[in-house]
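Let me begin by presenting the structure, written as structure tokens, before commenting on it.
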Amino acid sequence: MHHMTLAEIARGLADKKFSSVELTQTLLARIAQLDPQINSFISLTQDLALGQAKAADERRANGESGALLGAPIAHKDLFCTQGIRTSCGSKMLDNFKAPYDATVVAKLAAAGAVTLGKTNMDEFAMGSANESSWYGAVKNPWNLEHVPGGSSGGSAAAVAARLLPAATATDTGGSIRQPAAFTNLTGLKPTYGRVSRWGMIAYASSLDQGGPLARTAEDCAILLQGMAGFDPNDSTSIDEPVPDYSASLSGSLLGLRIGVPKEYFSAGLDPRIAELIHNSIKELEKLGAVIKEINLPNMQHAIPAYYVIAPAEASSNLSRFDGVRFGYRCENPANLEDLYKRSRGEGFGSEVQRRIMVGAYALSAGYYDAYYLKAQKIRRLVKNDFMTAFNEVDIILGPTTPNPAWKLGAKSSDPVAAYLEDVYTITANLAGLPGLSMPAGFVDGLPVGVQLLAPYFQEGRLLNVAHQYQLNTDWHTRTPTGF
């Protein structure tokens, strides 16, 4: 059962080939057996899962149906879950049990999804490798000496290792798409505002967006259907009708205009990945797509702009973690200032401290105009480049990452090198666009992803293209050895 996709599980449950309780027990046993190798979970919720599975079976017995009814998933450990630890991968929140469910958690539970646990992640979603978690690094199932990508590496590794069929994740600068590329999965970052951020612990509020990680575009469509929708509790949620994503999968690609930015194929891209991307383009051409070279002239400025904006917002968002109201508190503080300093110094890891300090500096009175304001102007230019491009093409295609997954610890002493791995993904977050990564092949036995970007609220178009591509290729069916 562990090799079944979300769509196959839905059909199996509907046909009464197995029950949700049987499936949940099988996957919980598999997690207990195999997860010690990859460290993809922070918390397991066996009692909750079995209770939800039993309830789902009863609902089906009473005539209910639904693609997610009885389907096992897991949540990235920054989605608040009532009465269950929500740690954000940090010592700061190791003792925090959320008093409510995030909107995403509540919506999926209402649809009948079964929560197996909370997945490991870079601390407060800050990282590209899942090495900054206080609970230890996550290993890539394709090669346990390599990173799975971050910050949603726990969700990605768990799905790639067939511990469960799908998981929730978040993307601030590529944290769904990059782990998807590194672990041979399909990952979708929706349009900013498409999925509620209420109950999702914030890193950078204008960039964060929740989305699905799964093995296929079809599964991402199912999970996104359960996650998406307007939420009056979230002031950044957009009141836009949610289409039937599964219904959009079967559309023809005949005449689809695909833009390929020449800026993507620079000296920084591994030539072996470039070859795989060109192979993907040829496959899509066979399906009727039309390829056109385009320009994104301000892409070169995206990384410096992002690494001013994101830390600035993080320094503001994380100021609430001060040792006073909830979370970690240092022992025997001498006074209030000592409480603040030691609680934050002991509770936050080095990468989080680094970004808080960069952000506080960029927002300071003497440097706000020189850094933060200028970065926001560049952000507008990046968005304008995309708007111009989408006047000529329907989607944009390129590599998800410039390199395959690197070895654990290889970039730990050089954070800038890790930041540069986000070069192809962060522009979608700056502009608020939807983006998807899908499997495109292997380099040295490690997976490679191809990225698709679309205009606002065109997630269905991305899923359609990815699904048609996956009907004609088999990269997404490959399984890591030993799992």
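The values are calculated or read from the model by the stated rules, or taken from the named source; none is laboratory data. It should be emphasised that the depicted structure is a prediction, and the values quoted were computed from it without experimental measurement. Note that each Cβ is placed from the backbone with ideal geometry, even for glycine, and that neighbours are counted across all protein chains shown. When the accessible area is computed, the model is the full protein with side chains, heavy atoms only, and any ligands, DNA or RNA have been set aside. Shrake-Rupley method; radii C 1.70, N 1.55, O 1.52, S 1.80 Å.
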Contact order relative to length of the chain, as percent, for alpha carbon pairs under 8 angstrom and 6 or more apart: 18 percent
Å² per residue, accessible surface of the range 215-336 at 1.4 Å: 48 Å²
At least 24 Å along the helix axis (C-alpha) and Kyte average at least -0.5, DSSP helices within the chain: 20-38
Principal semi-axes in Å for the range 1-153 [√(5λ), Cα gyration tensor, largest first]: 28, 18, 12
Protein-only accessible surface order, largest first, of SER319, SER364 at 1.4 Å: SER319, SER364
Along principal axes, Cα extents of the range 5-95, largest first, whole Å: 45, 28, 20
Percent accessible area from carbon and sulfur atoms, the chain, protein chains only, probe 1.4 Å: 52 percent
Eligible lysines near LYS16 by straight Cα distance, threshold 23 Å, same-chain separation 8 or greater: LYS54
Simple label model, 7 Å out from Cα along Cβ direction - ALA365 to THR26, nm: 6.5 nm
Accessible area in the full protein assembly, largest first, 1.4 Å probe, for PHE326, PHE457: PHE326, PHE457
Stokes-Einstein translational diffusion, the range 158-260 - Kirkwood Rh over all Cα pairs, 0.890 mPa s, 25 °C, in µm²/s: 168 µm²/s
Taking N as its residue count, the alpha carbon Rg of the chain over 2.2 N^0.38 Å: 0.92
Per-residue SASA entry for LEU471, accessible area with 1.4 Å probe, Å² rounded to 10: 110 Å²
Global geometry of the range 86-171, whether rounded, prolate or oblate, following the gyration tensor of its Cα atoms and the 1.5 cut on a/c: oblate
Cα gyration tensor shape for the range 224-263, rounded if a/c is under 1.5, else prolate or oblate: oblate
Cross-link reach list, aspartates and glutamates versus LYS107, counting only Cα pairs under 13 Å and skipping chain neighbours closer than eight places: ASP231
Cα gyration tensor shape of the range 359-467, rounded if a/c is under 1.5, else prolate or oblate by comparing a/b with b/c: oblate
Computed helical MRE - 222 nm, the chain, DSSP H runs ≥ 4 contributing -39500 (n - 2.57), nearest 500: -11000 deg cm²/dmol
Gained length - SER250 relative to LYS97, 0.36 nm times residue gap less alpha-carbon distance: 50.9 nm
